[in-house]
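Undergrad: The structure under discussion is supplied below as structure tokens; questions concerning it will follow.
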Amino acid sequence: MQEPDITEDLIAAHGFTPEEYQEVLRILNREPTFTELGIFSAMWNEHCSYKSSKKWLRTLPTDGPQVICGPGENAGIVDIGDGQAVVFKMESHNHPSYIEPYQGAATGVGGILRDVFTMGARPIAAMNALSFGEPEHPKTKRLVAGVVEGIGGYGNAFGVPTIGGEVRFHAAYNGNCLVNAFAAGLADADKIFYSAASGVGMPVVYLGAKTGRDGVGGATMASAEFDETIEEKRPTVQVGDPFTEKRLLEACLELMKTGAVISIQDMGAAGLTCSAVEMGDKGGLGVRLNLDAVPQRETNMTAYEMMLSESQERMLMVLNPELEAEAKAVFEKWDLDFAIVGETMEEDRFLILHGNEVKADLPLSKLSSTAPEYDRPWVATPAAAAYAPSDEVLGFDPVEGLKALIGSPNYARKQWVWEQYDAQVMADTVVAPGAGAGIVRVHGTEKMLAFTSDVTPRYVRANPVEGGKQAVAEAFRNLCASGAKPLATTDNLNFGNPEKPEIMGQFVGAIEGIGAACRALDMPIVSGNVSLYNETDGQPILPTPTIGAVGLIASEDDLIGGVPADGDFLLLVGEGNGHLGQSALLAEAFGIEDGDAPHVDLDAERRNGDFVRENSALIHAASDLSDGGVALAAFEMADASGLGVSVDVDGIAALFGEDQGRYLLACGFDQAEGLMIAAGQAGVPIAQIGRFGGDSVQLSGATAPLSELSALYRSAFADRVA
């Protein structure tokens, strides 16, 4: 096939700025071939190179005594004792899911699972964080249906429990939904596999499914804004096969026991290009690939197509040559391709051969670790004016306020979503979706792992620093409310176009807040993903830095996993002053998104969270307070138990304010007394504010039957969105 000429239009179509293309010419001292242009484009785009974010990501805390492996590998790894480790990461598949919701979401799940098992871990849990446009927008229902079906279709068939996540709706996502996928796995701490190649002349082996034309250019597409040409990008979306991925998992874990694996890397974004370059660069080696040996499922594929294909269910490995026969036998047993496609080289070189022709000959290190890095101009987000509630807001009927929340798809019960996911496969799920954190048992032990994901985008837009802190603090609270000791976090940083100083300012502020909270709460960032250019026709999404967090429950004695009992007291831990700015009540009941985000006192967060966890034996049920404040959390606890609740705090601000660092606890009389004493000794504010029992919900004197409210809560999501 005749390769096209390198023109200005072709250069622009590959996402290069004129300055970046001049740097390519300087590095090569010649014009690149078409394949080389594609390779540079794949490795230098935002999705792979993090060129706008690296400067700021380096400021995040990534170390701690619990951290075995921080950012830079396929996933982060944290010690959970007894020679075991939890391996986890969160990653976005936003652009593909908007173009083709089922396959975009499905392959997002497949990609994050491979990130986990390529480290030698068996996946044990998955979550997802989803953001969609307004329910009434013409695309929303199709996107919700396709994304949820894709997540369930892939995860269920693969056989991993989906145990939690979040779903939100806002007009800012009308043109660009977010699909953030999380996976976690278990590994022996002394049997971790890394991606850095080592040894000169070692075989480079292609593993898994065959290469096709799906996903060619996917990473470049994910590094650009959307416009009216969106439908033309459909071929850049990958196609997944969960049954092949299941076989790939079993084959890889079996292969790892043979000693044949020197290093291994998932083929994700930019496929063969990115996996080979990253393995070589981390090991300080070059790589030669012969594309004639690549297993292909389509005929007449070009070097460009093979290097940039994002066909799924594939791995790249550097092999111990003495064990080639054993390794090949494993993959043949699982009916998967095993092909030696190249070798490592001492010189800094990425050499691509196809049909006895050199299609690319590049300095490998220039593609990855020395890719462009920008210190983009940014402006801090202006301080938001304090919100002064009107008489209409302060005089609003509390029950009507609660109905506005639980009748919204943002806060209604989302069983329509999670009932499409298998939460019980593997039979170790302790707390399924619907709680603040999902919990799975560490098989064969008393230990459990708790997982949660959190962010409040309207806070981040109003105040990126406080919003960034709050995302981490809410994840911390959700873990503490389950009895789990928070261990570490992964982040998925979703923002608009970083070339706009105000968007870059949101990013910088959010990173500052996330870093401060991770340090104060001892929850280092061990992995993550940055997704930029989430805009359509110049309209950005809300800044959405999703935080995924993992906590450890040492034994069942520490678990807070029950529901309130009849007669239980309702205790409020923490202090508040009725902060209504940027609150869920204002947004849902009044259509107002004004004011500043609530302030996050990280010392109080740490103190109050430790108190809840240390007194777990006295607590029947617990909930952190966030969106909707006391009123929504108390109702959710009542709904879960089938018991009414009376809440004795006065006024809309006290009921619906979203002050941070707070929890609701349900416990018996003797336990309440014990908690009061312990709180006094620990300097933790605590107060009894209500009681569980009966069949109605009472808020500041306003009353409604629990059955009526629960019916609304459990039907509103499907009524509005399904």
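The values are calculated or read from the model by the stated rules, or taken from the named source; none is laboratory data. Everything numeric here is computed off the predicted structure, so don't read it as measured data. So basically every Cβ, Gly included, is an ideal-geometry build from the backbone, and we count neighbours across all protein chains shown. Quick note on the areas: whole protein, heavy atoms, side chains included, nothing else; ligands and nucleic acids left out. Shrake-Rupley method; radii C 1.70, N 1.55, O 1.52, S 1.80 Å.
Undergrad: Among residues belonging to the range 672-685 that are touching a strand residue (DSSP E or B) at 6+ places or on another chain (Cβ under 7 Å) and part of a helix (DSSP H, G or I), point out the one that is surrounded by the most Cβ atoms within 10 Å (Cβ to Cβ).
TA: Out of the qualifying residues, it is LEU675.
Undergrad: Restrict the check to the range 293-305 and report whether at least one residue is under 27 Å from LEU253 (Cβ atoms), charged (D, E, K, R) and open to solvent by 20 Å² or more (accessible area, probe 1.4 Å). Lay out the reasoning, then the answer.
TA: Of the range 293-305, the ones under 27 Å from LEU253 (Cβ atoms) are 293-297.
With the extra rule that they be charged (D, E, K, R), the set shrinks to 297.
Now narrow it down to the ones that are open to solvent by 20 Å² or more (accessible area, probe 1.4 Å): 297.
Checking the range 293-305: at least one residue is under 27 Å from LEU253 (Cβ atoms), charged (D, E, K, R) and open to solvent by 20 Å² or more (accessible area, probe 1.4 Å).
Undergrad: Among the residues of the range 456-480, how many are open to solvent by 10 Å² or more (accessible area, probe 1.4 Å) and not in a helix (DSSP H, G or I)?
TA: Count: 1.
Undergrad: Okay, next question. Only one of these is of a type in the set (A, V, I, L, M), open to solvent by less than 10 Å² (accessible area, probe 1.4 Å) and touching a helix residue (DSSP H, G or I) at 6+ places or on another chain (Cβ under 8 Å): ILE592, ILE547, ILE560. Name it.
TA: ILE547
Undergrad: Do we have GLY120 as of a type in the set (Gly, Ala, Ser), in contact (Cβ under 8 Å) with a residue 12 or more places away in the chain, outside any helix (DSSP H, G or I) and more than 22 Å from LEU405 (Cβ to Cβ) here?
TA: For GLY120, the condition - of a type in the set (Gly, Ala, Ser), in contact (Cβ under 8 Å) with a residue 12 or more places away in the chain, outside any helix (DSSP H, G or I) and more than 22 Å from LEU405 (Cβ to Cβ) - is met.
Undergrad: Which condition does SER275 not pass, out of (1) over 22 Å from GLY199 (Cβ atoms); (2) out of contact with any helix residue (DSSP H, G or I) (no Cβ under 6 Å at 6 or more places or on another chain); (3) polar (S, T, N, Q), if it passes all the others?
TA: (1)
Undergrad: Taking the stated definitions as given, is GLU31 farther than 23 Å from ALA157 by Cα and surrounded by 17 or more Cβ atoms within 10 Å (Cβ to Cβ)?
TA: When the stated conditions are applied, GLU31 does not pass them.
Undergrad: Can we say ARG122 is open to solvent by 20 Å² or more (accessible area, probe 1.4 Å), within 14 Å of LEU248 (Cα to Cα) and not hydroxyl-bearing (Ser, Thr, Tyr)? Write out each step before concluding.
TA: On the way: open to solvent by 20 Å² or more (accessible area, probe 1.4 Å): yes; within 14 Å of LEU248 (Cα to Cα): yes; not hydroxyl-bearing (Ser, Thr, Tyr): yes.
Against the criterion (open to solvent by 20 Å² or more (accessible area, probe 1.4 Å), within 14 Å of LEU248 (Cα to Cα) and not hydroxyl-bearing (Ser, Thr, Tyr)), ARG122 qualifies.
Undergrad: Could you tell me whether any residue of the range 252-268 is under 24 Å from the mean Cα position of the chain (by Cα), more than 21 Å from ALA187 (Cα to Cα) and open to solvent by 10 Å² or more (accessible area, probe 1.4 Å)?
TA: Checked against the condition, which is being under 24 Å from the mean Cα position of the chain (by Cα), more than 21 Å from ALA187 (Cα to Cα) and open to solvent by 10 Å² or more (accessible area, probe 1.4 Å), the range 252-268 yields at least one hit.
Undergrad: Every residue in the range 68-92 that is out of contact with any Phe, Trp or Tyr (no Cβ under 7 Å at 6 or more places or on another chain) and open to solvent by 30 Å² or more (accessible area, probe 1.4 Å), please.
TA: Of everything in the range 68-92, those that are out of contact with any Phe, Trp or Tyr (no Cβ under 7 Å at 6 or more places or on another chain) and open to solvent by 30 Å² or more (accessible area, probe 1.4 Å) turn out to be ILE68, PRO71, GLY72, ASP79, ASP82, GLY83, GLN84, GLU91.
Undergrad: Looking only at the range 281-316, which residues are assigned to a loop (DSSP other than H, G, I, E, B), in contact (Cβ under 8 Å) with a residue 40 or more places away in the chain and among the β-branched types (Val, Ile, Thr)?
TA: Matches in the range 281-316: VAL294, THR302.
This table checks each residue for (1) among the charged types (D, E, K, R); (2) in contact with a strand residue (DSSP E or B) (Cβ under 8 Å, 6 or more places away or on another chain); (3) within 25 Å of SER408 (Cα to Cα).
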{"residue": "VAL600", "(1), (2), (3)": "no, no, no"}
{"residue": "GLU614", "(1), (2), (3)": "yes, no, no"}
{"residue": "ALA622", "(1), (2), (3)": "no, yes, yes"}
{"residue": "GLU636", "(1), (2), (3)": "yes, yes, yes"}
{"residue": "LEU643", "(1), (2), (3)": "no, yes, yes"}
{"residue": "ALA654", "(1), (2), (3)": "no, no, yes"}
{"residue": "GLY694", "(1), (2), (3)": "no, yes, no"}
{"residue": "LEU699", "(1), (2), (3)": "no, yes, yes"}
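Undergrad: Here's a follow-up. Could you tell me whether the range 206-219 includes any residue that is over 27 Å from PHE40 (Cβ atoms) and either at pLDDT 95 or above or of a type outside the set (Phe, Trp, Tyr) (or both)?
TA: Looking for residues that are over 27 Å from PHE40 (Cβ atoms) and either at pLDDT 95 or above or of a type outside the set (Phe, Trp, Tyr) (or both), one finds none in the range 206-219, hence no.
Undergrad: Let me ask another. Which residues, taken from the range 139-160, are part of a helix (DSSP H, G or I), touching a strand residue (DSSP E or B) at 6+ places or on another chain (Cβ under 7 Å) and either of a type outside the set (Gly, Ala, Ser) or open to solvent by 10 Å² or more (accessible area, probe 1.4 Å) (or both)?
TA: THR140, LEU143, VAL144, VAL147, ILE151
Undergrad: On to the next question. Name the residues in the range 342-385 that are small (Gly, Ala, Ser), surrounded by 16 or more Cβ atoms within 10 Å (Cβ to Cβ) and over 34 Å from the mean Cα position of the chain (by Cα), would you?
TA: From the range 342-385, those small (Gly, Ala, Ser) are 342, 355, 360, 365, 368-369, 371, 380, 383-385; that's our starting set.
Imposing the further condition that a residue be surrounded by 16 or more Cβ atoms within 10 Å (Cβ to Cβ) reduces the set to 342, 360, 365, 368, 371, 384.
Answer for the range 342-385, where residues must be small (Gly, Ala, Ser), surrounded by 16 or more Cβ atoms within 10 Å (Cβ to Cβ) and over 34 Å from the mean Cα position of the chain (by Cα): just ALA360.
Undergrad: Give me the pairs, please: first residue somewhere in the range 666-694 and under 17 Å from SER641 (Cβ atoms) and at pLDDT 95 or above, second residue anywhere and part of a helix (DSSP H, G or I) and of a type outside the set (Phe, Trp, Tyr), beta-carbon distance under 6 Å, and either six or more positions apart or on two chains.
TA: So the pair list comes out as CYS667/LEU618; GLN671/LEU618.
Undergrad: Scan the range 386-395 for residues that are more than 34 Å from the chain's Cα centre (by Cα) and open to solvent by less than 60 Å² (accessible area, probe 1.4 Å) and jot them down.
TA: PRO389, SER390, VAL393
Undergrad: Still on this structure: Considering the range 632-671 alone, what residues qualify as being in a loop (DSSP other than H, G, I, E, B), of a type outside the set (Asp, Glu) and over 21 Å from GLY581 (Cα atoms)?
TA: Selection gives GLY642, LEU643, GLY644, GLY668.
Undergrad: Another question about this same structure. Please enumerate the residues belonging to the range 170-186 that are part of a strand (DSSP E or B) and surrounded by fewer than 24 Cβ atoms within 10 Å (Cβ to Cβ).
TA: LEU186
Undergrad: Which pairs have Cβ atoms under 9 Å, sit 6 or more apart or on different chains, and link a residue in the range 260-275 that is of a type in the set (Lys, Arg) to one that is open to solvent by less than 10 Å² (accessible area, probe 1.4 Å)?
TA: Final answer for the pair search is none.
Undergrad: Here are GLY642, GLY628: which of them is open to solvent by less than 20 Å² (accessible area, probe 1.4 Å), modelled with pLDDT of 95 or more and of a type outside the set (Ser, Thr, Tyr)?
TA: Numbers: GLY642 fails: open to solvent by less than 20 Å² (accessible area, probe 1.4 Å).
Answer to the check: GLY628.
Undergrad: Give all pairs with beta carbons closer than 6 Å in which a residue from the range 6-29 that is over 17 Å from THR370 (Cα atoms) meets a residue that is among the polar types (S, T, N, Q) and at pLDDT 90 or above; count only pairs at least 6 apart in sequence or on separate chains.
TA: HIS14/SER41; GLY15/SER41
Undergrad: Looking at the range 595-622 only, could you name the residues that are open to solvent by less than 10 Å² (accessible area, probe 1.4 Å), aliphatic (A, V, I, L, M) and out of contact with any Leu (no Cβ under 8 Å at 6 or more places or on another chain)?
TA: Those that are open to solvent by less than 10 Å² (accessible area, probe 1.4 Å), aliphatic (A, V, I, L, M) and out of contact with any Leu (no Cβ under 8 Å at 6 or more places or on another chain): ALA597, VAL600.
Undergrad: Here is a check on your reading of the model: is THR370 closer than 28 Å to ARG26 by Cα, at pLDDT 95 or above and out of contact with any His (no Cβ under 6 Å at 6 or more places or on another chain)?
TA: no
Undergrad: Among the residues of the range 695-712, write down those that are within 36 Å of the chain's Cα centre (by Cα) and either at pLDDT below 95 or assigned to a strand (DSSP E or B) (or both). Let's see the steps before the verdict.
TA: First, pick out the residues of the range 695-712 that are within 36 Å of the chain's Cα centre (by Cα): 697, 699, 706-712.
The answer is VAL697, LEU699.
Undergrad: Any chance the range 60-81 includes a residue that's among the hydroxyl-bearing types (Ser, Thr, Tyr) and touching a Pro at 6+ places or on another chain (Cβ under 8 Å)?
TA: First, the residues of the range 60-81 that are among the hydroxyl-bearing types (Ser, Thr, Tyr): 62.
Going one step further and asking which of them are touching a Pro at 6+ places or on another chain (Cβ under 8 Å), we end up with 62.
Yes, because at least one residue in the range 60-81 is among the hydroxyl-bearing types (Ser, Thr, Tyr) and touching a Pro at 6+ places or on another chain (Cβ under 8 Å).
Undergrad: Yes or no: GLU136 farther than 30 Å from GLU250 by Cβ and either free of Cβ contacts under 8 Å to residues at least 24 places away in the same chain or surrounded by fewer than 24 Cβ atoms within 10 Å (Cβ to Cβ) (or both)?
TA: yes
Undergrad: Then there is this: Can you tell me which residues in the range 713-722 are open to solvent by 10 Å² or more (accessible area, probe 1.4 Å) and assigned to a helix (DSSP H, G or I)?
TA: Initial filter on the range 713-722 (open to solvent by 10 Å² or more (accessible area, probe 1.4 Å)): 713-715, 718-720, 722.
Result: TYR713, ARG714, SER715, ALA718, ASP719, ARG720.
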